[in-house]
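Could you have a look at this structure, given as structure tokens, before my questions?
What follows is calculated from the coordinates using simple rules that are stated; it is not laboratory data. What you are looking at is a predicted structure, and each value in this text was computed from that prediction instead of being measured. Methodologically, a virtual Cβ is constructed for each residue, glycine included, from the backbone with ideal geometry; neighbour enumeration extends over all protein chains shown.
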Amino acid sequence: MTTPDQIENQKAIQLDTYTVELDEPIKVGGSEIKQLELRKPNIAALRNIKLSELMQGDVASIVEILPRVCTPFLTKEQINQLEPADIAQVGGVIMSFLQPKSVRAEMFRQQ
């Protein structure tokens with residue numbers, strides 16, 4: 001028998017993408033990007049990234065990995081437009097993707 005909590009946990013730990021609503025949209029030409037869809041990074045996306053720095057919320061590491069795991073694709077110039085609260089939120093999501101499933105389930109349950 002599966003309880004509703006178990007079903008919710010399974011959904012949380014199986015997430016390979018997460019949508020982040022930006023506090024402040026990024027201006028691109030005449031349009032605005034209001035949300036980013038982040039994908040769970042694979043080994044190729046993590047290449048040349050120090051996991052310890054990424055897990056500590058190092059902004060340079062987040063800026064480096066973001067174009068590799070983000071839809072729509074963002075240039076470094078566009079990423080530099082992000083508000084501090086938005087880059088912190090993006091970093092938190094990326095860090096959560098690197099956690100074991102049990103930790104991710106607990107994190108999503110608390111949200």
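Dipole size in debye (nearest 20) for the stretch 4-110 around its Cα centre, Lys and Arg Cβ +1, Asp and Glu Cβ -1?
Numbers: 12 positive and 15 negative charges, 96 e Å.
The dipole of the stretch 4-110 has a size of about 460 debye.
So, in nm, how far is label residue 24 from label residue 106 when the simple model puts each one 7 Å beyond its Cα toward the Cβ?
In this crude spin-label approximation the distance works out to 3.5 nm.
Also, I was wondering about something else. Sticking with the crude label model, points 7 Å out along Cα→Cβ, report the distance from residue 59 to residue 80 in nm, one decimal please.
My value for the distance between the label points is 1.2 nm.
Can you give me the long-range amide H partners of residue 28? Hydrogens built in the peptide plane at 1.01 Å from N, cutoff under 5 Å, separation of 5 or more residues or another chain.
The answer is 33.
P(r) tail for the stretch 4-110, what percent of Cα pairs lie past 16 Å? Please list the in-between numbers first.
On the way: 3280 of 5671 pairs.
When every Cα pair of the stretch 4-110 is considered, 58 percent fall beyond 16 Å.
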